[in-house]
Amino acid sequence: MSTPYQPLADLTAAGVSIWLDDLSRARLSTGGLQRLSDDWEVTGVTSNPSIFQAAITGSDDYAGDLAQHARAGHSADEAVFAMTTDDVRAACDVLRPIYDRTDGKDGRVSIEVDPRIAHDTAATIAQARALYAAVGRDNVMIKIPATLDGLPAISAVLAEGISVNVTLIFALERYRAVMHAFLEGLERARDAGHALDRIYSVASFFVSRVDTDIDRQLTEIGTPEALAVRGQAGVANARLAYQAFEEVFQTPRWQSLADDGARPQRPLWASTGVKDPAYPDTMYVTELVAPLTVNTMPEKTLRAVADHGVVTGDTITSTYAQAQSVLDRLAELGISYPEVVDTLEREGVAKFEMAWESLLADVTAGLESAS
């Protein structure tokens with residue numbers, strides 16, 4: 001008999017892991033995350049600087065922590081590091097049964113390095129180690145931005161046996177570089193004697209922000225030909241990313257690692273909350289169903305999927321030519337794909353830096369008032 005959660009079960013059966021793009025002390029203390037895990041097919045959690053900024057400054061749930069850190073004389077950076085790793089550790093414990101049941105594929109919780117060091121390879125590596133040690137759970141994933149300086153950090157952290165969520169991927173060319181950084185990291189891990197079957201990675205490819213930028217340009221052009229392409233670029237870009245994933249993970253280089261137990265770096269569809277109210281809330285779920293993928297979504301999108309369902313047949317692999325035609329039409333209209341994705345990466349890092357700075361400022365004020 002069908003249940004309100006059947007569409008989520010169908011999505012899972014189609015090979016899509018459902019992760020929640022949110023984390024807060026309230027979700028942990030009220031059992032909300034546990035309920036989403038038990039009833040809503042949620043098998044992972046992603047966090048980012050904006051999510052933590054909203055969680056910590058938007059409630060009184062951390063007042064006790066702030067008072068404790070104030071008494072200890074901790075800085076805002078120290079307090080934020082402790083509070084965020086505490087939440088991630090608790091979420092890891094909630095999802096540990098899923099981690100065990102799926103042999104490490106799911107049951108994952110991601111925590112991101114300080115966005116202010118996104119262009120500092122050595123600092124990124126050092127903080128990835130520190131976050132991994134502080135959380136102290138096998139099912140944590142360290143998020144590293146896919147900047148040019150982040151690529152060698154991704155390889156280095158994987159080489160130490162630490163699972164990595166590569167974030168802020170917008171460009172197809174950069175995504176290919178991310179996959180090759182993953183392969184290099186596993187090759188180095190193998191040389192160092194790490195068990196490859198315990199190292200997992202996802203590559204977070206951002207979707208809705210592409211449409212936000214390109215739709216704005218299409219609207220400014222204003223011709224019928226331009227307006228007809230609105231709402232298509234984000235999905236097309238992601239579908240071509242999946243094509244690249246299939247190509248890379250069929251190479252002899254990958255097969256050599258797979259023979260030694262390596263697991264593929266799954267594409268993760270991020271930024272899947274619809275920004276334009278004219279589009280269906282499930283748009284970036286329905287249009288991106290494929291095996292070996294993750295879709296991390298805000299709760300609003302999760303509930304929309306439960307309420308309205310999604311197309312659960314493979315909606316990606318038969319549409320590569322159509323997806324390429326979308327990007328070709330954008331070029332014909334004078335929209336530069338390289339400029340769009342480069343801008344989105346810069347803005348993505350900058351937005352997270354602003355959220356982090358705002359969080360630190362609020363925590364500084366909180367520590368001062370609690371002391």
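Read the figures in this text as sums done on the coordinates, not as results from a lab. Just so you know, these numbers come straight off a predicted model, no measurement behind them. Cβ: placed from backbone, ideal geometry, glycine included. Neighbour counts: every protein chain shown.
Normalised by the number of residues in the chain, the mean separation of alpha-carbon contacts (under 8 Å, six or more apart) gives a relative contact order of 22 percent. Computed from the C-beta positions of residue 321 and residue 343, the FRET efficiency with R₀ = 25 Å rounds to 0.40. The mean of 1/r over all distinct Cα pairs in segment 113-156, once inverted, gives the Kirkwood hydrodynamic radius of 10.4 Å.
With a ≥ b ≥ c the root eigenvalues of the C-alpha gyration tensor of segment 52-158, is it rounded (a/c under 1.5), prolate (a/b larger than b/c) or oblate? Oblate shape, in that a/c is at least 1.5 and b/c is the bigger or equal ratio.
FRET efficiency for the residue 60 to residue 148 pair, using the beta carbon distance and R₀ = 25 Å, is estimated at 0.05. Overall, the anisotropy analysis places segment 175-305 in the prolate class: the square-rooted eigenvalues a ≥ b ≥ c of its C-alpha gyration tensor yield a/c not less than 1.5, with a/b exceeding b/c.
When each of the peptides 98-104, 271-277, 294-300, 283-289 is scored by the mean number of other C-beta atoms lying within 10 Å of its residues, the order from highest to lowest reads 283-289, 294-300, 271-277, 98-104. Residue separation of residue 251 and residue 72 scaled by 0.36 nm, minus their Cα-Cα distance, works out to 59.1 nm of gained length. Its Cα centre serving as origin, segment 6-361 has a Cβ charge dipole (Lys and Arg +1, Asp and Glu -1) of approximately 420 debye. Please say if segment 111-190 is rounded, prolate or oblate, where rounded means a/c under 1.5 for a ≥ b ≥ c the square roots of the C-alpha gyration tensor eigenvalues, and otherwise the choice is prolate for a/b larger than b/c and oblate otherwise? Judged from the Cα gyration tensor, segment 111-190 comes out oblate (a/c at least 1.5, b/c at or above a/b).
When 184, 41, 112 are arranged by Cβ crowding within 10 Å, least crowded first, meaning fewest neighbours, the order is 184, 41, 112. Approximating the spin labels as points 7 Å out from Cα along Cα→Cβ, the residue 5-to-residue 96 distance works out to 2.2 nm.
Normalising by residue count, segment 6-361 has a Cα convex hull of 133 Å³ per residue.
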